[in-house]
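**Student:** Can you keep this structure in mind? I'll have questions shortly.
The values are calculated or read from the model by the stated rules, or taken from the named source; none is laboratory data. Since this is a predicted model, take the numbers as computed values, not measurements. So basically every Cβ, Gly included, is an ideal-geometry build from the backbone, and we count neighbours across all protein chains shown.
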Amino acid sequence: MLELRNICKSFSGIPVVKDVSFSARAGEVTGYLGPNGSGKSTTMKIITGLVDASSGEVFFAGKRIRDDLTRYRQRFGYVPEEPYLYTHLSGLEYLEMVSQLRGLQGQKAAERIDSLLRLLSLHGDRDVPISAYSKGMRQKVLLAAALMHNPDLMILDEPFSGLDIGSALILKSLIQVLAARGKVVLFSSHELETVEQISSRIVILHRGRVVADDSVEHLRTLMSAPDLESIFSQLAIEQDSVAISNQIADLIHA
């Protein structure tokens, strides 16, 4: 289980994340949502150990991650929101580098890389520099790298960005399969329909605080809302979308 306990983070004295606590359990898909500026991306970076919390603790499997960050990082796979890659390398070279860093070598590593490239439709471009890859192709390289070492925890930040429909369908199914096989899966996406379809639980962040932590079904009942989009709008969006749309339409027709 991944557990956040009273996480706070400030930058230059300005609080961005405020007393955030929630758990993501093995065997479940936990959807993590929040509008821009909610503190969601900062929290994800704290979970991965890229940013230190100002206070509070992150636990995985009952242990504080900061007690042994190296060991913790060996146990998770991470697909970041922005596909930062060594673009001078080919897709194959990048995955070979990742496999070595993960301690995977020899025939087993080669076979796993080859299979991932084929299954993700990258095999034909395996020797092409990543600089020539589309955004979706880069996203699939990051996904392959995150899966390489069979992690216990998958952290996916906007993993559908740039993917074509076929690849997105595979990823949606894969997320559910990974959870069903006992992994902890935490993923964030602006595609609310997708989050609703595949998440066991939803955590919504607004202005740095958790405003919802429950199943979609229970949240629908509590808020008398038909879907996750309506729930999210009520809890985390401080604007009247319909009114603004009408104002824009009136403006361009004036």
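**Student:** Here's a check for you: in the range 75-95, which residue that is assigned to a loop (DSSP other than H, G, I, E, B) and under 12 Å from the mean Cα position of the chain (by Cα) is modelled with the lowest pLDDT? Steps first, answer last, please.
**Tutor:** The initial filter retains those residues of the range 75-95 that are assigned to a loop (DSSP other than H, G, I, E, B), namely 75, 80-89.
Those left that are additionally under 12 Å from the mean Cα position of the chain (by Cα): 80-82.
Numbers: Pro80: 88, Glu81: 81, Glu82: 78.
Only one residue tops the list, namely Glu82.
**Student:** How many of the residues making up the range 130-182 are within 16 Å of Glu28 (Cα to Cα) and of a type in the set (Gly, Ala, Ser)?
**Tutor:** Going through the range 130-182, the residues within 16 Å of Glu28 (Cα to Cα) turn out to be 151-156, 171-182.
Among the residues that remain, those that are also of a type in the set (Gly, Ala, Ser) are: 173, 179-180, 182.
Adding up the residues that qualify gives 4.
Each row is one residue, and each column tells you yes or no for (1) surrounded by 18 or more Cβ atoms within 10 Å (Cβ to Cβ); (2) without any contact (Cβ under 8 Å) to a residue 60 or more places away in the chain; (3) outside any helix (DSSP H, G or I).
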{"position": "Leu142", "(1), (2), (3)": "yes, no, no"}
{"position": "Pro159", "(1), (2), (3)": "yes, no, yes"}
{"position": "Gly166", "(1), (2), (3)": "no, yes, no"}
{"position": "Ala179", "(1), (2), (3)": "yes, no, no"}
{"position": "Val211", "(1), (2), (3)": "no, yes, yes"}
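**Student:** When you go through (1) surrounded by 15 or more Cβ atoms within 10 Å (Cβ to Cβ); (2) in contact (Cβ under 8 Å) with a residue 60 or more places away in the chain one by one for Pro129, which number turns out not to apply?
**Tutor:** Here Pro129 meets the rest and fails (2).
**Student:** Something else: Would you mind telling me which numbered condition in (1) of a type outside the set (A, V, I, L, M); (2) over 24 Å from Phe187 (Cβ atoms); (3) not in a helix (DSSP H, G or I) Ser131 fails?
**Tutor:** (3)
**Student:** Next question. When the residues of the range 52-102 are filtered to those that are without any contact (Cβ under 8 Å) to a residue 12 or more places away in the chain and farther than 20 Å from Leu120 by Cα, which remaining residue is surrounded by the fewest Cβ atoms within 10 Å (Cβ to Cβ)? Show your work before the answer.
**Tutor:** Applying the first criterion (without any contact (Cβ under 8 Å) to a residue 12 or more places away in the chain) to the range 52-102 yields 63-64, 67-68, 70-71, 82, 84, 93, 97, 100-101.
Remaining after also requiring farther than 20 Å from Leu120 by Cα: 63-64, 67-68, 70-71, 100-101.
Working: Lys63: 12, Arg64: 14, Asp67: 10, Asp68: 11, Thr70: 7, Arg71: 11, Gln100: 11, Leu101: 12.
Here the residue is Thr70.
**Student:** Can you confirm whether Thr43 is in contact with a Pro (Cβ under 9 Å, 6 or more places away or on another chain) and in contact (Cβ under 8 Å) with a residue 60 or more places away in the chain? Before the answer, list the steps.
**Tutor:** Numbers: in contact with a Pro (Cβ under 9 Å, 6 or more places away or on another chain): no; in contact (Cβ under 8 Å) with a residue 60 or more places away in the chain: yes.
When the stated conditions are applied, Thr43 does not pass them.
**Student:** Looking only at the range 66-113, count every residue that is over 24 Å from Pro129 (Cβ atoms) and among the aromatic types (Phe, Trp, Tyr) and tell me the total.
**Tutor:** Result for the range 66-113: 2.
**Student:** OK, next. I'd like the residue in the range 181-196 that is part of a helix (DSSP H, G or I) and out of contact with any Lys or Arg (no Cβ under 7 Å at 6 or more places or on another chain) and, out of all such residues, is nearest to Pro35 (Cα to Cα). Steps first, answer last, please.
**Tutor:** Restricting attention to the range 181-196, the residues satisfying the condition of being part of a helix (DSSP H, G or I) are 192-196.
In the following step, the residues that additionally are out of contact with any Lys or Arg (no Cβ under 7 Å at 6 or more places or on another chain) were identified as 192-193, 195-196.
On the way: Leu192: 11, Glu193: 15, Val195: 14, Glu196: 16 Å.
Ranking the qualifying residues of the range 181-196, first place goes to Leu192.
**Student:** Next question. Go through the range 52-67 and count every residue that is assigned to a loop (DSSP other than H, G, I, E, B) and within 18 Å of Val210 (Cβ to Cβ).
**Tutor:** So the first thing to find is which residues in the range 52-67 are assigned to a loop (DSSP other than H, G, I, E, B), and the list is 52-54, 61-62.
Still in the list and also within 18 Å of Val210 (Cβ to Cβ): 53-54.
Adding up the residues that qualify gives 2.
**Student:** Also, I was wondering about something else. I need the full set of residues from the range 2-39 which are assigned to a loop (DSSP other than H, G, I, E, B) and exposed (fewer than 15 other Cβ atoms within 10 Å of the Cβ), in order please. Let's see the steps before the verdict.
**Tutor:** Start the filter on the range 2-39 by keeping residues that are assigned to a loop (DSSP other than H, G, I, E, B), which leaves 12-13, 25-28, 34-39.
Selection gives Ser12, Gly13, Gly27, Asn36, Gly37.
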